[in-house]
Amino acid sequence: CDPAGDTGDGDPYTYLDEYVLDSNPTVSNEFAVDGLAATSPATVQFLSTNSRNYTVEYSADLAIATNWTALGAAQPGSNGVHTVADPATDVHRCYRVRVVVP
């Protein structure tokens with residue numbers, strides 16, 4: 001199959017994305033951010049698998065593509081909901097999750 005091809009499961013991930021995420025291509029929300037606490041400090045939750053490492057990153061400005069900072073070192077997944085807390089308080093931040101095949 002074409003690594004850049006659509007898996008047909010209704011999510012925006014390609015075959016290559018599904019491989020990196022280690023997700024089931026028949027489940028459209030396998031790698032959605034599960035929750036983001038609106039309190040301070042914030043917590044980010046997402047489904048994870050123990051065969052991948054995850055790094056939550058933050059930025060104060062989405063307009064600057066290189067302005068992302070890791071919230072600590074990469075962590076192995078937990079085969080369930082993975083939670084990462086941001087110790088900063090009273091700040092506005094955007095979050096993303098970087099997935100790496102170990």
- [ ] Quantify, in whole percent, the carbon and sulfur part of the accessible surface of the chain (1.4 Å probe; protein heavy atoms only).
- [x] 54 percent
TODO: State the extension gain, in nm to one decimal, for the chain segment bounded by Asn50 and Cys1, taking 0.36 nm per residue of separation less the distance between their alpha-carbons.
DONE: 15.1 nm
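What length, rounded to one decimal in nm, is gained on full extension from Glu57 through to Val91, with 0.36 nm per residue of separation minus their alpha-carbon distance?
That works out to 10.8 nm of additional length.
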Open item on the list: Would the stretch 45-88 count as rounded, prolate or oblate if I go by the C-alpha gyration tensor, calling it rounded below 1.5 in a/c and otherwise prolate when a/b exceeds b/c, oblate otherwise?
Closed with: prolate
Open item on the list: What translational diffusion coefficient, to the nearest whole µm²/s, does the chain have by Stokes-Einstein, given a Kirkwood radius computed over alpha-carbon pairs, a temperature of 20 °C and 1.002 mPa s viscosity?
Closed with: 147 µm²/s
Task: GNM top mover of Ala74, Ala63, Ala85 - the chain, alpha-carbon springs below 10 Å - done: Ala63
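The values are calculated or read from the model by the stated rules, or taken from the named source; none is laboratory data. Not measured: the values here are computed from a predicted model. Side chains included, ligands, DNA and RNA excluded: accessible areas come from the protein's heavy atoms. Shrake-Rupley method; radii C 1.70, N 1.55, O 1.52, S 1.80 Å.
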